[in-house]
Structure formats: C-alpha cells, structure tokens
1. For labels at Phe83 and Ser32 in the simple 7 Å Cα→Cβ model, what's the distance in nm?
2. List the residues whose amide H sits under 5 Å from the amide H of Arg94, counting only those 5 or more places along or on another chain, with H placed 1.01 Å from N in the peptide plane.
3. For each of His123, His51, count neighbouring Cβ atoms within 10 Å of the residue's Cβ, then give the residues from fewest to most.
4. At Lys67 and Asn12, where each label point lies 7 Å from the Cα along Cα→Cβ, what is the point-to-point distance in nanometres?
5. If you stretched the chain out fully between Val98 and Leu24, how much longer would it get, using 0.36 nm times the residue separation minus the C-alpha to C-alpha distance?
6. Cβ under 14 Å from Ile25's Cβ, Ile25 left aside: what net charge do those residues give with Lys, Arg +1 and Asp, Glu -1?
7. What length, rounded to one decimal in nm, is gained on full extension from Leu49 through to Ile91, with 0.36 nm per residue of separation minus their alpha-carbon distance?
8. Compute the projected area of the convex hull of the Cα atoms of the range 3-123, averaged over all viewing directions, and report it in nm² to one decimal place.
Amino acid sequence: MSYRVLFVTLNNQKTYRILFGLYLIAILAASSIPGHSMPKIIILSPDKLLHLAEYFVLGVLAYLSFKRFSWPLFIGLILFACFDEIWQSFIPGRWPSVFDVAADILGIMIVIGAVYFRSLKAHD
C-alpha cells in the first residue's frame with residue numbers, strides 16, 4: 001500500500017470515528033488490567049505522564065472524528081475520563097485517582113489549545 005493510498009484511507013472521517021471508538025475500548029481494556037502497586041501521590045509521576053499522553057491521543061482522534069471541538073464533546077471526554085477512573089475501582093489492585101483525571105483533562109486541553117492556536121494562525 002502506498003503512502004498516498006494510506007493517507008486517503010486515513011483521511012476519512014468515518015475511519016477516524018472507528019479509530020476513536022476502538023481507542024475508547026482500548027483505554028477501558030488497559031484500565032481492566034489488575035494492578036498491585038501502592039498508590040502514589042506524586043503529581044508528575046510516569047503514570048500521570050502516561051495518562052496525559054493517552055488522553056492527548058484520544059483528543060486528537062476526537063478532533064479528527066468530529067472536525068472540531070464543541071462543549072458537548074469536551075464534556076463527554078471529561079466524563080469518559082471520570083468513568084475510566086470509576087471503572088478502575090472495580091478492578092483488583094486498582095483505584096481511582098483525581099490526579100489521573102486531572103492528567104487526562106490536561107492531555108485533552110493540550111490538543112484543544114493546539115487546535116485553537118492553529119486556527120488563529122490559519123486566519124492570519
């Protein structure tokens with residue numbers, strides 16, 4: 001498959017929505033893996049950076065799926081981050097953390113900021 005064919009295939013909004021849905025499932029699947037580590041209250045731990053990166057990718061896929069950010073989409077992503085943490089409370093050795101949700105929201109906000117500044121630059 002050539003680069004051009006791959007780009008045309010991935011430049012389809014339906015394809016991005018499928019990837020977005022699969023990524024949501026992948027996040028929940030990863031959150032379902034039992035853990036046996038002690039809780040840490042370190043704000044910038046590798047775990048928090050992983051959350052930031054994970055939700056940065058989710059934000060990119062959300063933007064590509066819907067071609068813009070809206071309040072309902074943003075609130076939906078935040079609710080999903082909260083649900084993900086609540087989901088973890090049912091998994092042995094895992095627990096919810098408000099710091100994880102904060103890192104998730106920061107990852108989403110970085111994407112929104114990048115999209116916003118890119119749109120400002122495009123209008124200049």
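1. 1.4
2. Gly35
3. Numbers: His123 6, His51 25.
Final ranking by Cβ density, sparse to dense: His123, His51.
4. 1.6
5. Working: separation 74, 0.36 × 74 = 26.64 nm, distance 1.94 nm.
Taking Val98 through Leu24 to full extension adds about 24.7 nm, to one decimal.
6. Working: positive: Arg17; negative: Glu54, Asp84.
Net local charge, Ile25 excluded: -1.
7. Details: separation 42, 0.36 × 42 = 15.12 nm, distance 2.14 nm.
The span from Leu49 to Ile91 would gain 13.0 nm if fully extended.
8. 8.8
We did not get these values from a lab; they are worked out from the coordinates using the rules stated. Quantities reported herein were computed from a predicted structural model and do not represent experimental measurements. Backbone-built Cβ (ideal geometry, glycine too); neighbour counts: all protein chains shown.
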